[in-house]
Amino acid sequence: MRRHDVKAGERVGVVGIGGLGHLALQYAKALGAVVTAISTSTNKKAEANKLGATNFVNLRDEEDLKKAARSLDYLFITSNASDAPYDKYASLLDTFGKMVLLAAPEDNIKINPMSLIPKNISLVGSIIGSIEDQKETLAFSAKHNIRPMIEKFPMERVNEGLQHVRDGKVRYRVVLEN
């Protein structure tokens, strides 16, 4: 969000309310953005609101999609699913909107160029920043009390912790302890 100069009042969407997404919601709120959480179900809606989202879009609800059309300036995608509905994502962006991939998709993504071209939408990737970026992010996190939600597992239960992640049951990070 720093790299793309997100400003207070801008409209930011976050796809994937998981390990990275739950932090992205907090960062967007701390930057003063109007935050929208985007998911394929409503089971994380209440948590998304607590984390900073003022709006919620269920991708499987056509009425939600219609209401949210062109409602975003930025869309940060934290999910790595290559079969994600990128054309639906693009429909949420306004003219000159920016779709930012924060997670590397498992395979090539599919998007119709006409989802991007008429509204001049940019599709960009982002990777971890420099040491200086990381230091600034940690300082920003401390200043704004941005913290990951974690579940702790003792090291001897590492396999159980990994299975918890694989099953999609973790909220939102697993930490192994000695």
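The values are calculated or read from the model by the stated rules, or taken from the named source; none is laboratory data. Note that the coordinates shown come from a computational prediction; the quantities given were computed from them, not determined experimentally. Don't worry about glycine lacking a Cβ; one is built from the backbone with ideal geometry, like all the others, and counts go over all protein chains shown. Accessible surface is based on the protein model in full, side chains and every heavy atom, while ligands, DNA and RNA are left aside. Shrake-Rupley method; radii C 1.70, N 1.55, O 1.52, S 1.80 Å.
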Positive dipole terminus of the chain, leading residue within Val12, Val174, Leu31 (C-beta point charges): Leu31
Length gained when the stretch Val158-Asn80 is fully extended (0.36 nm per residue, less Cα-Cα span): 25.8 nm
Degrees between helix 21-30 axis and first principal axis of the chain (Cα, 0 to 90, nearest 10): 70
Neighbour net charge for Arg11 - beta-carbon separation under 13 angstrom, K R +1, D E -1: +1
Cβ charges +1 (Lys, Arg) and -1 (Asp, Glu), total dipole of the stretch 1-65, debye: 340
Members of Lys67/Lys135; Lys119/Lys169; Lys7/Lys135; Lys110/Lys152 lying beyond 27 Å, as alpha-carbon distances in this model show: Lys67/Lys135; Lys119/Lys169; Lys110/Lys152
Cβ-placed point charges (K, R +1; D, E -1), dipole of the stretch 43-178 about Cα centre in debye, nearest 20: 360
Total charge dipole magnitude, the stretch 136-178, about the Cα centre, Cβ charges on Lys, Arg, Asp, Glu only, Debye to nearest 20: 180
Exposure rank, largest accessible area first [Phe56, Phe140, Phe96; 1.4 Å]: Phe96, Phe140, Phe56
Probe 1.4 Å, protein heavy atoms only - accessible area per residue of the stretch 36-178 in square angstrom: 62
Sites Lys7 and Arg147 - FRET efficiency at Förster radius 35 Å, r taken between beta-carbons, to 0.05: 0.90
Exposure of Leu51 as accessible area (Å², to 10), given a probe of 1.4 Å and all protein chains: 20
Top of Ala142, Ala28, Ala48 by mean-square fluctuation, Gaussian network on the chain, Cα under 10 Å: Ala142
Signed unit charges on C-beta, dipole axis of the stretch 55-157, positive-most listed residue Tyr74, Pro113, Leu101: Tyr74
In Å², nearest 10: area of Ile121 left accessible to a 1.4 Å probe: 20
Solvent accessible area, Å² - Ser39, 1.4 Å probe, full protein context: 20
Selection of trypsin sites (Lys or Arg not before Pro), the stretch 1-101, meeting DSSP coil and at most 16 other Cβ within 10 Å: Arg2, Arg3, Lys7, Arg60, Arg70
Local net charge near Leu31, Cβ-Cβ under 11 Å (Lys/Arg +1, Asp/Glu -1): +1
